[in-house]
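Participant: This structure is in C-alpha cells; I'll ask about it shortly.
The values are calculated or read from the model by the stated rules, or taken from the named source; none is laboratory data. What you see is a predicted model; the values in this text were computed from it and never measured. All Cβ positions, even for glycine, are placed from backbone atoms using ideal geometry, and neighbour counts span all protein chains on display. Quick note on the areas: whole protein, heavy atoms, side chains included, nothing else; ligands and nucleic acids left out. Shrake-Rupley method; radii C 1.70, N 1.55, O 1.52, S 1.80 Å.
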There are 2 protein chains.
Amino acid sequence: MCHIAGMIDAASSPFLEDAAALLGARGLTTDPELVAPWLTDWRGRFTGRACALASPADTMELSALVRLCARHGVPIVPQGGNSGMSGGATPDESGTALLLSLRRMNAIRAIDRESGRATCEAGVILQTLHEAADAEGLRFPLTLGGKGSATVGGLVSTNAGGCQVLRHGSMRALVLGLEAVLPDGQVFSQLTPLKKDNRGFDLKQLLIGSEGVLGIVTAATLKLEPAVAERVVIWAGVSSLPAARALLLHCDAVEGRSLEGFEVMPQASIDAVVDHLPSARPPLEGRHAWHVLIEVVADHTGADTLRERCETMMGDAFDKELVEDAALSANETQAEAFWLIRETVPAAERARGPAVQHDISVPVEAMPAFVETTAPMLEAEFPGTEAIAFGHLGDGNVHYHVIAPQAPDARAWNATQGKAISRRVHDLVTEWGGSISAEHGIGQLKRDELARLGDPVALSMLRAVKQALDPQGLLNPGKLI
Amino acid sequence: MCHIAGMIDAASSPFLEDAAALLGARGLTTDPELVAPWLTDWRGRFTGRACALASPADTMELSALVRLCARHGVPIVPQGGNSGMSGGATPDESGTALLLSLRRMNAIRAIDRESGRATCEAGVILQTLHEAADAEGLRFPLTLGGKGSATVGGLVSTNAGGCQVLRHGSMRALVLGLEAVLPDGQVFSQLTPLKKDNRGFDLKQLLIGSEGVLGIVTAATLKLEPAVAERVVIWAGVSSLPAARALLLHCDAVEGRSLEGFEVMPQASIDAVVDHLPSARPPLEGRHAWHVLIEVVADHTGADTLRERCETMMGDAFDKELVEDAALSANETQAEAFWLIRETVPAAERARGPAVQHDISVPVEAMPAFVETTAPMLEAEFPGTEAIAFGHLGDGNVHYHVIAPQAPDARAWNATQGKAISRRVHDLVTEWGGSISAEHGIGQLKRDELARLGDPVALSMLRAVKQALDPQGLLNPGKLI
C-alpha cells in the first residue's frame, strides 16, 4: 500500500495488472501525483481514495474495462470535469474503487448543421461544444458557471440545468441520442436520433440524470439551435418577489418564445457583488427590494424587431406598475456586464462568510410565497442568521443561502447549526411539494437527505431499477441511492 | 363457465367475490353484453377474454384492486378508449385477466390558466381536454384521429404522437406530472410539476410509453399552450420527396417557431381520397408527384403578420424552385378542408383494398431516400403490390402501406404475403437505423418483431426493469416485452 492519496501498489493487484495490460500506460495510472487532483471535488468538500485512475481511449476500451471490473468486483466512479456540486464524482475513502476519467474521450464526432445537432463524446467540455456550434452558425442552448470544465458526460449524467432552462429545458430536453456502457460492460447505443420512436419506455431518459449509477455515458447526440442574432438583457428593480413573478408572467405572455432567462437577486446580493467586485456597476441607480435580470433573444428571424419589442414590453410593464425601474442593455458589452453581476453573486455571497447553501425548487408559482414565508421563519429559528435567495425564478429554482451569524468558527458552525438549518430548509421544501435538489443532483452530499425525505414509493422504484441493472452494485456506489 | 366473451361465473372465483365487494356493482361486471365490446380492439384484429371488467371510481379504489390482484395472482389489462393501433389494451384468450377500464376516472381535476397546465384523470377523453383548454383560452397541442375516444391514460401510456409533434413533441414532452398505480398497488404520485428536479433519474419518463407493463397511469398534469389566434394551412405540390424535404428545411429556417405540421401524400393517395370522398376537392388543379400540407400557426403575439409571412415564405420557395404550385387557405373553412383531405388518406387507402400497414420512422433526413429506395425494391420483390407512404415527414415518420395485388383473398394474402412483406419492411427500417414503431407502440401486434429486431442490449434493459418493478408479471402481460 502506498500512503499518498490512497493508492495501492499495482503489482499487488491482479485487477490492476489486467487493467494495465488493457489500457496501457496512457490509460491507467497509480501515480499519486497524477491521481490526487481528482480525488477531491472542486469545492473541497469531499476527498476519497482510489486504486487507480483509468482513462480509456474509446467506448470499446471502456466496455472491456467495465467487464474486467465486473469480473474482479471492482467499483467504478466515473468522472467528467470534476466540477459537480454534490460530490457525485468523488470516490469513498475505502480506496477500493477505480476512478474513471472520461476526459480522454473528447471528440466531437459530428456536427450536422442542417439537422441542428452534434454528436459528442463524454469528455467534450461544454465551452468547446459552444465554440464548435458557434463556428457552424449554431449554438448549444445550455450554459452554466462550470462551462470551462464541465463535460458532456457529466452534464448528461446529472441532467444539468443552468440559466437557459426557462426556454430550452435541462439536458434531458437536449439529448437526442445516447451511448453508454452498462454495468456488465455491454454498450447501449442509441446515438441516431429518431424524432418518433415508441419501442418501449425510453431508456435514454433512464440514463439521463442517473448520476452514473446505472451506466457510464460515453457519447450523446445533442440538439443545437440557430445562433443568437440579437439579444437584449433587461435589468429591472421590483418591490417584492410576487411583483417579480407578475413581471415574469407579463414577459412570458408578450415575448414567451424569446424569453430565455429570468433571474432574481435581492438588494443584499447586489451589495455583496459591489463589495466583492468593486468594478461592477449595478445597472440601476436606486435600491430595490429585488433585482431582476431578463434575457430576451432572437435568431435571424426576429432580430430586427427585438429591441423595439423589448422596449414595448417594458413600457407596458411600467404602465401596469410591475416595475420600479428598468434598464435595457444598449449593446453586447453592456449585456455581458449585466450578466457579470448575476454570475458574481455566488462568489460574492461565499465571500460574505460561512453559509449553508441549498439548491432547491418548488412549483414555479409558489416560489415567491415560499421565500417570503420561510426566510423570516429560518431567521427567527436560528438567531443571527440571514436567509437569502437568488437565481432562476422562472424555473421555480433558487439558490437559498443561510448566512452564519457574525464571526463564528465556520467549520464548527457548519457541522452543528449549518446541518440543522439544512435539515430545516429541506423539511420546508418538502412540505411545499418541492425538490431538495433542483439542478445539482444528489451525489453523496444529499444522499441521506433524499433517503430521509424522498417519497418512499419513488425511492423503492429507484432502488429496484438500480438493483436490476447493476446487481453487483459496482457503478458509482454510495451515490444517489 | 359462461360461453359468451369468455366470462367466468363470478360465484366460482374468490377473487371476483373480493373485487365485487371492493368495487360494487358499478365498478365490476361480468355481464357478457357489457364486457364484450371491450374485448376486441377497434380495428378488429385482436379478440381476447377476461374474467371481468373493472371500472374503479378513483385512484385509491384502483390501488386496493391492484393489491387484490397481486394477492390472487390475477393479471390486469388496463384500457382507455380502446382506440390503440397495436392491440395493447386487448387481453389474451386465456380469460384469466381482469380487464381494467379507466374510463370512469374522467375528471379534469384542475386547469391552471396562468401556469398553462391541466391535471386530468386517466379517463379524460382527448377531445374533452381540447374543449376544456379552449374554454380557458388555451390549447393542448396534441391531436390525432382517435381524439373522440382516446384517453389521457392511454395517450400517456403509449407516448402518443399525432400531427403536431414537429413543434410540440409527443406526449413525453407534454407530461409535467404523473400519478400511477404500481404493480404492488402502491401509488406513485408526482402530479405537482417542478420545472427543475434532480432527485435521481426521471421515473415519470419511465412510465410514459411503458404501455401499462410497469404501472397504470391514473392521472397526469399536462402542458397547455396559448390558444391559436391565427393559422394558415398551405398546400404545395412538389416533384419528389427530396424536394419536399428541401421545402421543409426552407420553412423551418424561415418560420421554425410557427411551423406546426408538415405532412406529405403521394398523388395516388390524393386520387384515393377523391374516389373515397367525392366531395373532397384537392386544393391544386394539377397533378404532382407529392403533395405537402404545411400548418403554420400563431398565438396572439404573431397573429397579425402570419399570413403575410406565409406568403413571403412561399414566394421565396417559388423563387428557389422548391415548389411546383401552392395554395394558402383563405380562411378557417378552407384550412379545415385542406386537413380533411389529409385526414381522409388512411380511410381512403384502406378502401382501396387489402394492404399491410406500417408505422415506421427513420432519421428525419433519411426518410426521402428510404422511401425512394425501398418502395421500388418491395414492389419488385412482391410483384403486383404497390408501396405508398404518407404522413409526418417532419418527424421522419411515415405510414407505409403495401397494397395487395388485385383481387386476392384478403385474409389469406395477409397471413402469407402480407406477413412476409411486413418482415421485409421491418428489416429495411432496422437496416436504416429506424424504428418499427414510430408512434403506435408495440402492444401485441409488434411484440415478436421487436424481440426479433430490437437491439439485444436495449431489450435486456427493458426486461430487467419490467422484472424489477413487476416481478409477478401481472401488468398487461404479453404486451411490449
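Participant: Treating the beta-carbon of each Lys and Arg as +1 and of each Asp and Glu as -1, no other charges, what is the dipole magnitude of the protein assembly as shown about its Cα centre, to the nearest 20 debye?
Facilitator: It comes to approximately 2440 debye.
Participant: By how many nm would the segment from A:Ser149 to A:Glu321 lengthen if fully extended, with 0.36 nm per residue of separation less the alpha-carbon distance?
Facilitator: Once the chain is fully extended between A:Ser149 and A:Glu321, it gains 57.7 nm.
Participant: Report the normalised scattering of chain A as log10 I(q)/I(0) at q = 0.07, 0.10 Å⁻¹, calculated by the Debye formula with identical scatterers on the alpha carbons.
Facilitator: -0.39, -0.80
Participant: Here's something else I'd like to know. Could you pull the Cα extents of the stretch B:27-159 along its three principal axes, largest to smallest, in whole Å?
Facilitator: Extents along the principal axes: 48, 32, 25 Å.
Participant: Kirkwood hydrodynamic radius of the stretch B:111-193 from all distinct Cα pairs, in Å?
Facilitator: 13.3 Å
Participant: Around A:Trp339, what is the net charge, scoring Lys/Arg as +1 and Asp/Glu as -1 over all other residues with Cβ under 11 Å from its Cβ?
Facilitator: -3
Participant: With a 1.4 Å probe and all protein chains left in place, how much accessible area per residue does the protein assembly as shown have, in Å²?
Facilitator: 37 Å²
Participant: I've got another one for you. Just to verify a number: what accessible area does A:Thr416 come out at with the full protein assembly present, 1.4 Å probe, Å² rounded to tens?
Facilitator: We get 90 Å² for A:Thr416.
Participant: If you add up the charges near A:Leu142, with Lys and Arg at +1 and Asp and Glu at -1, over every other residue whose beta carbon is less than 12 angstrom from its beta carbon, what do you get?
Facilitator: With Lys, Arg at +1 and Asp, Glu at -1, the net is +2.
Participant: Provide the gained length on full extension for the span B:Ala303 to B:Glu17, in nm with one decimal, where the gain is 0.36 nm per separating residue minus the Cα-Cα distance. Before the final figure, lay out the partial values.
Facilitator: Working: separation 286, 0.36 × 286 = 102.96 nm, distance 5.94 nm.
Stretched out fully, the B:Ala303 to B:Glu17 stretch lengthens by 97.0 nm.
Participant: For the stretch A:144-156, take each phi angle, set θ = phi - 60°, evaluate the Karplus expression 6.51 cos²θ - 1.76 cosθ + 1.60, and give the result in whole Hz per residue in order, putting x for glycine and proline.
Facilitator: Residue by residue, the stretch A:144-156 yields 7, x, x, 4, x, 10, 4, 10, 4, x, x, 4, 5 Hz.
Participant: Note down the nm distance, to one decimal, between modelled labels 7 Å out along Cα→Cβ at A:Arg287 and at A:Ala420.
Facilitator: 3.1 nm
Participant: Please provide three numbers in whole Å: the alpha-carbon extents of the stretch B:260-392 along the principal axes, with the largest listed first.
Facilitator: 52, 34, 27
Participant: Please report, as a whole percent, how much of the solvent-accessible surface of the stretch A:270-341 comes from carbon and sulfur atoms (probe radius 1.4 Å).
Facilitator: 49 percent
Participant: Return the FRET efficiency for the residue pair A:Ala330, B:Glu381: r is the Cβ-Cβ distance, R0 is 51 Å, and the value is rounded to the nearest 0.05. Display every interim value, and only then the final one.
Facilitator: On the way: r = 66 Å, r/R0 = 1.30.
Computed FRET efficiency for A:Ala330 and B:Glu381 comes out at 0.15.
Participant: Where the accessible area of the stretch A:373-481 is counted over protein heavy atoms with a 1.4 Å probe, how much of it, in %, is carbon and sulfur? Show your work: numbers first, answer last.
Facilitator: Working: 2280 of 4210 Å².
Carbon and sulfur: 54 percent of the exposed surface of the stretch A:373-481.
Participant: Quote the total accessible area buried by chains A and B together, excluding ligands, DNA and RNA, probe 1.4 Å, nearest 100 Å².
Facilitator: 5900 Å²
Participant: Evaluate E = 1/(1 + (r/R0)^6) for A:Arg67 and B:Ser240, where r is the Cβ-Cβ distance and R0 equals 60 Å; express this FRET efficiency to the nearest 0.05.
Facilitator: 0.80
Participant: What number, in nm² with one decimal, is the all-direction average of the projected area of the convex hull of the alpha-carbon atoms of the stretch B:5-100?
Facilitator: 5.6 nm²
Participant: Just how far, in whole angstrom, is the stretch B:235-286 from the stretch B:359-377 if you go by their alpha carbon centroids?
Facilitator: For the stretch B:359-377 versus the stretch B:235-286, the Cα centre distance is 17 Å.
Participant: Express in Å², to the nearest 10, the accessible area of B:Trp38 obtained by rolling a 1.4 Å probe over the protein heavy atoms while all chains stay in place.
Facilitator: So the heavy atoms of B:Trp38 present about 70 Å² to solvent.
Participant: Another one. At a Förster distance of 25 Å, what's the computed FRET efficiency of A:Asp184 paired with A:Asp58, Cβ-Cβ distance as r, to 0.05?
Facilitator: 0.85
Participant: With no solvent and one point on each alpha carbon, what is the Debye value of log10 I(q)/I(0) for the stretch B:55-107 at q = 0.24, 0.27 Å⁻¹?
Facilitator: -0.99, -1.12
Participant: Also, I was wondering about something else. Percentage of Cα-Cα pair distances in the protein assembly as shown greater than 46 Å, rounded to whole percent? Could you put the intermediate results ahead of the total?
Facilitator: Values: 140638 of 462241 pairs.
Across the protein assembly as shown, Cα pairs with separations above 46 Å total 30 percent.
Participant: Now for a different question. If each residue of separation counts as 0.36 nm, what is the full-extension length gain between B:Asp409 and B:Gln267 once their alpha-carbon separation is subtracted?
Facilitator: Result for the pair: 48.5 nm of gain on full extension.
Participant: Using a cut-off of 14 Å between beta-carbons, work out the net charge of the residues near B:Glu379 (Lys and Arg +1, Asp and Glu -1, B:Glu379 not included).
Facilitator: Spelling it out: positives minus negatives among the neighbours equals -2.
Participant: Can you list the residues of the stretch A:366-408 that have at least 20 square angstrom less accessible area with all protein chains present than in their chain by itself, probe 1.4 Å?
Facilitator: A:Asp395
Participant: At what distance in nm do the modelled label points of B:Trp42 and B:Glu136 sit from each other, each positioned 7 Å from its Cα along Cα→Cβ?
Facilitator: Those two pseudo-labels are separated by 2.5 nm.
Participant: Grab the DSSP H runs of chain A that are 4 residues or longer, score each as -39,500 (n - 2.57), total them, divide by all residues and round the 222 nm result to the nearest 500 deg cm²/dmol.
Facilitator: It comes out at -11000 deg cm²/dmol, rounded to the nearest 500.
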